[in-house]
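Chemist: Here it is, the structure in full.
The values are calculated or read from the model by the stated rules, or taken from the named source; none is laboratory data. All values derive from a computational prediction rather than experimental measurement. Cβ sites come from the backbone with ideal geometry, for glycine too, and all protein chains shown count toward neighbours.
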Amino acid sequence: MCLLIMRAVGFERHGDPSVLRVMELPDPRPGPGEVVVRVLATSLNRIDTIVRRGYPGIPVKLPHVPGADIVGYIESAGPGTDLGEFRVGDLVLVSNVWGCGSCRFCRAGLEDYCPGWTMPGFQVWGGYGELVRAPVRALVKAPSGFGIDELAVLPLAYSVSWKALKVANVSPGDWVLIFGGSGGIGTALTILAKALGARVIAVTSRPNLMKSLGADVVVGYDRDELMKVVSERTEYGVDAAIDVIGDTVPMALDAIRPGGTVVAFGVLGKSPMVQVDIRRFYLRHARLVGIHNATRTYLREVIDFMVSRGVRPFISRVATVRDAPALHELMESRGVVGKVVMRHEWD
(Lines give C-alpha, C1' and ligand atoms only; values in the text may rest on other atoms or scores of the structure.)
Protein backbone atom coordinates (compact mmCIF):
# COMPACT_ATOMS: atom_id res chain seq x y z
CA MET A 1 0.00 0.00 0.00
CA CYS A 2 1.37 3.42 -0.98
CA LEU A 3 1.89 5.67 2.04
CA LEU A 4 0.51 9.15 1.39
CA ILE A 5 2.27 12.12 2.97
CA MET A 6 0.87 15.44 4.16
CA ARG A 7 2.65 18.65 5.11
CA ALA A 8 2.31 20.08 8.57
CA VAL A 9 3.99 22.41 11.02
CA GLY A 10 4.74 20.46 14.18
CA PHE A 11 7.37 19.53 16.74
CA GLU A 12 9.30 16.43 17.76
CA ARG A 13 10.22 17.71 21.22
CA HIS A 14 8.78 20.27 23.62
CA GLY A 15 10.42 23.65 23.88
CA ASP A 16 10.40 27.24 22.70
CA PRO A 17 9.02 28.32 19.28
CA SER A 18 12.21 27.18 17.53
CA VAL A 19 11.10 23.52 17.87
CA LEU A 20 8.32 24.15 15.33
CA ARG A 21 9.20 23.13 11.79
CA VAL A 22 7.66 22.05 8.52
CA MET A 23 7.25 18.27 8.58
CA GLU A 24 6.09 15.52 6.24
CA LEU A 25 3.83 13.07 8.06
CA PRO A 26 1.58 10.15 7.10
CA ASP A 27 -1.90 11.14 6.01
CA PRO A 28 -4.49 10.41 8.70
CA ARG A 29 -6.89 7.59 7.81
CA PRO A 30 -10.50 7.81 9.00
CA GLY A 31 -12.06 4.95 10.92
CA PRO A 32 -15.76 4.11 11.29
CA GLY A 33 -17.72 7.24 12.23
CA GLU A 34 -14.84 9.50 11.21
CA VAL A 35 -13.89 11.79 8.34
CA VAL A 36 -10.71 13.41 7.11
CA VAL A 37 -10.93 17.17 6.60
CA ARG A 38 -8.58 19.00 4.22
CA VAL A 39 -7.72 22.09 6.25
CA LEU A 40 -7.90 25.48 4.54
CA ALA A 41 -7.00 27.59 7.57
CA THR A 42 -6.47 27.52 11.31
CA SER A 43 -5.88 30.25 13.88
CA LEU A 44 -3.41 30.98 16.63
CA ASN A 45 -4.50 30.16 20.18
CA ARG A 46 -2.68 30.34 23.49
CA ILE A 47 -3.25 26.60 23.97
CA ASP A 48 -1.01 25.98 20.93
CA THR A 49 1.96 27.52 22.73
CA ILE A 50 1.16 25.72 25.99
CA VAL A 51 0.99 22.32 24.28
CA ARG A 52 4.23 23.06 22.44
CA ARG A 53 6.02 23.73 25.73
CA GLY A 54 4.34 20.75 27.43
CA TYR A 55 1.03 20.78 29.27
CA PRO A 56 1.36 19.64 32.92
CA GLY A 57 -0.36 16.31 33.52
CA ILE A 58 -1.44 15.59 29.94
CA PRO A 59 1.23 13.83 27.86
CA VAL A 60 1.41 14.48 24.13
CA LYS A 61 2.58 11.76 21.77
CA LEU A 62 5.45 13.01 19.61
CA PRO A 63 5.78 14.11 16.86
CA HIS A 64 2.82 16.39 17.34
CA VAL A 65 0.81 18.81 15.19
CA PRO A 66 -0.90 21.63 17.12
CA GLY A 67 -3.90 23.70 16.10
CA ALA A 68 -7.28 23.73 17.84
CA ASP A 69 -9.14 25.58 15.07
CA ILE A 70 -10.08 23.77 11.86
CA VAL A 71 -12.03 24.83 8.79
CA GLY A 72 -11.89 22.87 5.55
CA TYR A 73 -13.57 20.41 3.20
CA ILE A 74 -14.56 16.85 4.00
CA GLU A 75 -12.15 14.84 1.87
CA SER A 76 -13.08 11.27 2.81
CA ALA A 77 -15.08 9.17 5.24
CA GLY A 78 -14.20 6.01 7.12
CA PRO A 79 -15.62 2.57 6.34
CA GLY A 80 -19.36 2.35 6.91
CA THR A 81 -19.56 5.93 8.20
CA ASP A 82 -23.01 7.52 8.18
CA LEU A 83 -22.38 11.16 7.26
CA GLY A 84 -25.94 12.19 8.13
CA GLU A 85 -26.44 15.81 7.07
CA PHE A 86 -22.93 16.01 5.58
CA ARG A 87 -21.46 15.02 2.24
CA VAL A 88 -17.90 14.58 0.99
CA GLY A 89 -16.86 18.00 -0.30
CA ASP A 90 -18.83 20.01 2.28
CA LEU A 91 -17.15 22.99 3.90
CA VAL A 92 -17.14 22.38 7.65
CA LEU A 93 -15.77 23.52 10.97
CA VAL A 94 -14.57 21.05 13.58
CA SER A 95 -15.65 21.52 17.18
CA ASN A 96 -12.64 21.98 19.43
CA VAL A 97 -13.70 19.24 21.84
CA TRP A 98 -15.44 15.89 21.57
CA GLY A 99 -16.00 13.08 24.04
CA CYS A 100 -16.03 9.30 23.93
CA GLY A 101 -19.57 9.37 22.56
CA SER A 102 -21.01 6.81 24.97
CA CYS A 103 -20.65 7.97 28.61
CA ARG A 104 -23.48 9.63 30.56
CA PHE A 105 -22.12 13.09 29.74
CA CYS A 106 -21.80 12.44 26.01
CA ARG A 107 -25.30 10.95 25.89
CA ALA A 108 -26.56 14.21 27.43
CA GLY A 109 -24.68 16.33 24.88
CA LEU A 110 -22.06 17.41 27.45
CA GLU A 111 -19.03 16.08 25.62
CA ASP A 112 -16.79 18.70 27.26
CA TYR A 113 -17.62 17.01 30.60
CA CYS A 114 -16.49 13.59 29.31
CA PRO A 115 -13.54 12.17 31.30
CA GLY A 116 -12.09 11.07 27.96
CA TRP A 117 -12.52 14.39 26.14
CA THR A 118 -10.36 15.02 23.10
CA MET A 119 -9.20 18.33 21.64
CA PRO A 120 -7.65 18.65 18.18
CA GLY A 121 -4.12 19.97 18.43
CA PHE A 122 -3.88 18.59 21.96
CA GLN A 123 -4.48 14.86 22.33
CA VAL A 124 -4.63 14.38 18.53
CA TRP A 125 -3.10 16.15 15.55
CA GLY A 126 -4.68 19.50 14.77
CA GLY A 127 -5.09 22.28 12.27
CA TYR A 128 -1.43 23.03 11.56
CA GLY A 129 -1.55 19.95 9.31
CA GLU A 130 -3.03 19.78 5.82
CA LEU A 131 -5.35 16.96 6.90
CA VAL A 132 -7.20 16.30 10.16
CA ARG A 133 -9.15 13.25 11.28
CA ALA A 134 -12.29 13.92 13.32
CA PRO A 135 -15.55 12.18 14.25
CA VAL A 136 -18.66 13.14 12.30
CA ARG A 137 -20.30 14.22 15.56
CA ALA A 138 -17.71 17.03 15.85
CA LEU A 139 -18.58 18.64 12.51
CA VAL A 140 -20.54 21.84 11.95
CA LYS A 141 -21.59 23.06 8.52
CA ALA A 142 -19.99 26.35 7.55
CA PRO A 143 -22.52 29.18 7.20
CA SER A 144 -22.78 31.17 3.99
CA GLY A 145 -21.58 34.76 4.07
CA PHE A 146 -18.48 34.14 6.16
CA GLY A 147 -15.03 34.02 4.55
CA ILE A 148 -12.54 31.25 5.28
CA ASP A 149 -10.45 33.55 7.49
CA GLU A 150 -13.50 34.43 9.60
CA LEU A 151 -14.53 30.80 9.92
CA ALA A 152 -11.04 29.82 11.04
CA VAL A 153 -11.26 31.85 14.26
CA LEU A 154 -14.68 30.62 15.44
CA PRO A 155 -14.26 27.07 16.80
CA LEU A 156 -12.31 27.82 19.99
CA ALA A 157 -12.40 31.53 20.87
CA TYR A 158 -15.95 32.32 19.86
CA SER A 159 -17.60 29.09 20.97
CA VAL A 160 -16.00 29.10 24.44
CA SER A 161 -16.70 32.85 24.82
CA TRP A 162 -20.33 32.21 23.94
CA LYS A 163 -20.45 29.39 26.47
CA ALA A 164 -18.99 31.66 29.17
CA LEU A 165 -21.61 34.33 28.51
CA LYS A 166 -24.44 31.78 28.52
CA VAL A 167 -23.18 30.09 31.72
CA ALA A 168 -23.13 33.52 33.36
CA ASN A 169 -26.70 34.21 32.13
CA VAL A 170 -25.65 37.52 30.59
CA SER A 171 -28.68 39.57 29.55
CA PRO A 172 -29.25 42.99 27.96
CA GLY A 173 -28.19 45.78 30.31
CA ASP A 174 -25.92 43.56 32.43
CA TRP A 175 -22.42 44.73 33.31
CA VAL A 176 -19.77 42.24 32.20
CA LEU A 177 -16.17 42.51 33.39
CA ILE A 178 -13.65 40.93 31.02
CA PHE A 179 -10.06 40.24 32.03
CA GLY A 180 -7.49 39.90 29.24
CA GLY A 181 -9.58 42.11 26.99
CA SER A 182 -7.35 42.48 23.94
CA GLY A 183 -6.54 38.81 23.30
CA GLY A 184 -8.44 36.40 21.09
CA ILE A 185 -10.85 35.42 23.86
CA GLY A 186 -11.17 38.94 25.27
CA THR A 187 -12.07 40.48 21.93
CA ALA A 188 -14.53 37.66 21.21
CA LEU A 189 -16.17 38.14 24.62
CA THR A 190 -16.45 41.89 24.09
CA ILE A 191 -17.95 41.58 20.61
CA LEU A 192 -20.46 38.94 21.69
CA ALA A 193 -21.40 40.61 24.99
CA LYS A 194 -22.12 43.90 23.21
CA ALA A 195 -24.20 42.06 20.61
CA LEU A 196 -26.22 40.60 23.50
CA GLY A 197 -26.91 44.14 24.73
CA ALA A 198 -24.62 43.97 27.74
CA ARG A 199 -22.29 46.71 29.00
CA VAL A 200 -18.60 45.83 29.08
CA ILE A 201 -15.70 46.79 31.33
CA ALA A 202 -12.56 45.53 29.62
CA VAL A 203 -9.37 45.04 31.64
CA THR A 204 -6.48 45.50 29.24
CA SER A 205 -3.43 47.55 28.35
CA ARG A 206 -4.85 48.43 24.90
CA PRO A 207 -7.71 50.87 25.51
CA ASN A 208 -8.09 52.17 21.97
CA LEU A 209 -8.63 48.71 20.50
CA MET A 210 -11.22 47.71 23.07
CA LYS A 211 -13.14 50.96 22.71
CA SER A 212 -13.22 50.41 18.95
CA LEU A 213 -14.82 47.01 19.59
CA GLY A 214 -17.53 48.58 21.75
CA ALA A 215 -16.25 48.31 25.33
CA ASP A 216 -18.04 50.86 27.50
CA VAL A 217 -15.16 51.25 29.95
CA VAL A 218 -11.51 50.25 29.67
CA VAL A 219 -9.28 49.96 32.72
CA GLY A 220 -5.85 48.58 33.58
CA TYR A 221 -4.91 45.77 35.95
CA ASP A 222 -4.41 47.92 39.07
CA ARG A 223 -6.86 46.57 41.64
CA ASP A 224 -7.70 49.91 43.26
CA GLU A 225 -8.32 51.55 39.90
CA LEU A 226 -10.53 48.67 38.81
CA MET A 227 -12.61 48.68 42.00
CA LYS A 228 -13.05 52.45 41.73
CA VAL A 229 -14.38 52.08 38.18
CA VAL A 230 -16.72 49.27 39.21
CA SER A 231 -18.02 51.32 42.16
CA GLU A 232 -18.60 54.40 40.00
CA ARG A 233 -20.21 52.70 37.00
CA THR A 234 -22.33 49.97 38.60
CA GLU A 235 -24.87 49.95 41.41
CA TYR A 236 -23.63 46.97 43.46
CA GLY A 237 -20.93 45.45 41.25
CA VAL A 238 -20.79 43.74 37.87
CA ASP A 239 -23.29 41.03 37.05
CA ALA A 240 -20.62 38.76 35.58
CA ALA A 241 -16.83 38.66 35.51
CA ILE A 242 -15.09 36.46 32.98
CA ASP A 243 -11.49 35.56 33.65
CA VAL A 244 -8.97 33.83 31.37
CA ILE A 245 -5.91 35.02 33.32
CA GLY A 246 -6.27 32.89 36.46
CA ASP A 247 -4.48 34.87 39.14
CA THR A 248 -7.01 37.70 38.71
CA VAL A 249 -9.89 35.53 39.97
CA PRO A 250 -9.80 37.14 43.47
CA MET A 251 -10.25 40.57 41.83
CA ALA A 252 -13.09 39.19 39.76
CA LEU A 253 -14.84 37.90 42.89
CA ASP A 254 -14.43 41.29 44.57
CA ALA A 255 -15.93 43.07 41.55
CA ILE A 256 -19.19 41.12 41.20
CA ARG A 257 -22.48 42.12 42.77
CA PRO A 258 -24.21 39.93 45.38
CA GLY A 259 -25.38 36.86 43.50
CA GLY A 260 -23.02 37.61 40.62
CA THR A 261 -21.03 35.06 38.65
CA VAL A 262 -17.34 34.60 37.93
CA VAL A 263 -16.52 32.31 35.00
CA ALA A 264 -12.92 31.10 34.92
CA PHE A 265 -11.33 29.21 32.03
CA GLY A 266 -7.64 29.73 31.65
CA VAL A 267 -4.28 30.31 33.28
CA LEU A 268 -2.27 33.01 31.54
CA GLY A 269 -0.90 34.59 34.69
CA LYS A 270 2.17 33.68 36.72
CA SER A 271 0.53 30.92 38.77
CA PRO A 272 -2.61 28.76 38.76
CA MET A 273 -2.76 29.06 42.55
CA VAL A 274 -4.86 31.83 44.12
CA GLN A 275 -6.22 32.59 47.58
CA VAL A 276 -9.91 33.35 48.09
CA ASP A 277 -11.55 34.61 51.29
CA ILE A 278 -14.35 32.06 51.53
CA ARG A 279 -16.38 34.40 53.75
CA ARG A 280 -16.41 37.06 51.07
CA PHE A 281 -17.48 34.34 48.67
CA TYR A 282 -20.43 32.80 50.48
CA LEU A 283 -21.72 35.92 52.25
CA ARG A 284 -22.30 37.49 48.83
CA HIS A 285 -23.98 34.43 47.27
CA ALA A 286 -21.30 34.44 44.61
CA ARG A 287 -21.00 31.80 41.90
CA LEU A 288 -17.59 30.68 40.66
CA VAL A 289 -17.90 28.49 37.57
CA GLY A 290 -15.09 26.74 35.76
CA ILE A 291 -15.38 25.76 32.10
CA HIS A 292 -13.05 24.43 29.44
CA ASN A 293 -13.75 24.40 25.72
CA ALA A 294 -17.23 24.23 24.24
CA THR A 295 -19.17 21.51 22.49
CA ARG A 296 -20.55 21.51 18.96
CA THR A 297 -23.86 22.82 20.35
CA TYR A 298 -22.23 26.07 21.48
CA LEU A 299 -20.36 26.42 18.18
CA ARG A 300 -23.60 26.06 16.26
CA GLU A 301 -25.36 28.52 18.57
CA VAL A 302 -22.72 31.22 18.28
CA ILE A 303 -22.58 30.87 14.50
CA ASP A 304 -26.36 31.22 14.27
CA PHE A 305 -26.25 34.22 16.62
CA MET A 306 -23.49 35.96 14.68
CA VAL A 307 -25.21 35.35 11.34
CA SER A 308 -28.56 36.63 12.63
CA ARG A 309 -27.04 39.77 14.17
CA GLY A 310 -24.50 40.49 11.44
CA VAL A 311 -21.65 40.10 13.94
CA ARG A 312 -18.11 39.63 12.60
CA PRO A 313 -15.02 38.38 14.44
CA PHE A 314 -12.01 40.64 14.92
CA ILE A 315 -8.95 39.47 12.97
CA SER A 316 -5.74 41.43 13.37
CA ARG A 317 -3.51 39.48 11.01
CA VAL A 318 -3.57 36.83 8.27
CA ALA A 319 -0.45 34.72 7.73
CA THR A 320 0.40 31.14 6.72
CA VAL A 321 1.18 28.08 8.82
CA ARG A 322 4.82 28.46 7.79
CA ASP A 323 4.83 31.61 9.94
CA ALA A 324 3.88 29.65 13.07
CA PRO A 325 7.28 29.90 14.85
CA ALA A 326 7.34 33.70 14.58
CA LEU A 327 3.69 33.96 15.58
CA HIS A 328 4.27 31.78 18.65
CA GLU A 329 7.08 34.12 19.68
CA LEU A 330 4.79 37.10 19.19
CA MET A 331 2.04 35.53 21.29
CA GLU A 332 4.40 34.65 24.13
CA SER A 333 5.67 38.24 24.21
CA ARG A 334 2.06 39.49 24.52
CA GLY A 335 2.25 40.97 21.04
CA VAL A 336 -0.91 39.38 19.62
CA VAL A 337 -4.22 41.24 19.64
CA GLY A 338 -7.51 39.70 18.59
CA LYS A 339 -7.24 36.66 16.35
CA VAL A 340 -4.46 35.68 13.95
CA VAL A 341 -5.35 33.41 11.04
CA MET A 342 -2.91 30.96 9.47
CA ARG A 343 -3.79 29.77 5.98
CA HIS A 344 -2.55 26.55 4.44
CA GLU A 345 -0.58 28.26 1.69
CA TRP A 346 2.68 26.40 1.20
CA ASP A 347 4.20 27.88 -1.97
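Chemist: Check off (1) more than 17 Å from F179 (Cβ to Cβ); (2) touching a residue at least 40 places away in the same chain (Cβ under 8 Å); (3) not in a helix (DSSP H, G or I) for R284 and give me the number that stays unchecked.
Modeler: With (1) more than 17 Å from F179 (Cβ to Cβ); (2) touching a residue at least 40 places away in the same chain (Cβ under 8 Å); (3) not in a helix (DSSP H, G or I) applied to R284, the lone miss is (2).
Chemist: Kindly provide the set of residues from region 52-66 that are in a loop (DSSP other than H, G, I, E, B) and either more than 15 Å from M23 (Cα to Cα) or without any contact (Cβ under 8 Å) to a residue 40 or more places away in the chain (or both), ordered by number.
Modeler: Matches in region 52-66: G54, Y55, P56, G57, I58, P59, V60, K61.
Chemist: Any idea which residue in region 66-91 is farthest from G10 (Cα to Cα), counting only those that are in contact with a strand residue (DSSP E or B) (Cβ under 9 Å, 6 or more places away or on another chain) and acidic (D, E)?
Modeler: Per the criteria, the residue is E85.
Chemist: Go through region 107-131 and give me each residue that's over 17 Å from K163 (Cβ atoms) and free of Cβ contacts under 8 Å to residues at least 60 places away in the same chain.
Modeler: The first filter runs over region 107-131 and keeps only residues over 17 Å from K163 (Cβ atoms), leaving 107, 115-116, 118, 120-131.
Residues satisfying the conditions are R107, P115, G116, T118, P120, V124.
Chemist: Related question: Working carefully through the options M23, M6, find the one that is more than 30 Å from G84 (Cβ to Cβ) and either among the hydroxyl-bearing types (S, T, Y) or modelled with pLDDT of 95 or more (or both).
Modeler: Values: M6 fails: more than 30 Å from G84 (Cβ to Cβ).
Testing whether each residue is more than 30 Å from G84 (Cβ to Cβ) and either among the hydroxyl-bearing types (S, T, Y) or modelled with pLDDT of 95 or more (or both) leaves just M23.
Chemist: Let me ask something else about it. May I ask you to say which residue of D69, D112 is closer than 30 Å to S182 by Cβ, at pLDDT below 95 and either of a type in the set (D, E, K, R) or in a strand (DSSP E or B) (or both)? If you could, list the steps in order and put the result at the bottom.
Modeler: Numbers: D69 fails: at pLDDT below 95.
D112 is the lone residue from the list that is closer than 30 Å to S182 by Cβ, at pLDDT below 95 and either of a type in the set (D, E, K, R) or in a strand (DSSP E or B) (or both).
Chemist: Checking G80 against (1) outside any strand (DSSP E or B); (2) buried (at least 24 other Cβ atoms within 10 Å of the Cβ); (3) of a type outside the set (K, R); (4) more than 19 Å from the chain's Cα centre (by Cα), which test does it fail?
Modeler: Of everything listed in (1) outside any strand (DSSP E or B); (2) buried (at least 24 other Cβ atoms within 10 Å of the Cβ); (3) of a type outside the set (K, R); (4) more than 19 Å from the chain's Cα centre (by Cα), G80 misses just condition (2).
Chemist: Within region 5-28, which residues are in a strand (DSSP E or B) and either under 15 Å from L327 (Cβ atoms) or of a type outside the set (A, V, I, L, M, F, W, C) (or both)?
Modeler: R7, V9, G10, F11, R21, V22, E24, P26
Chemist: Still on this structure, I have one more. Being touching a Phe, Trp or Tyr at 6+ places or on another chain (Cβ under 8 Å) and in a strand (DSSP E or B) is the filter; apply it to region 29-50 and report the residue that is farthest from I185 (Cα to Cα).
Modeler: V35
Chemist: Here is a list: G266, G259. Which entry is within 27 Å of S159 (Cβ to Cβ), exposed (fewer than 15 other Cβ atoms within 10 Å of the Cβ), in contact (Cβ under 8 Å) with a residue 12 or more places away in the chain and in the same structural domain as T187 (by TED's automatic domain parsing)? Before the answer, list the steps.
Modeler: Values: G266 fails: exposed (fewer than 15 other Cβ atoms within 10 Å of the Cβ).
Within the list G266, G259, the selection yields G259.
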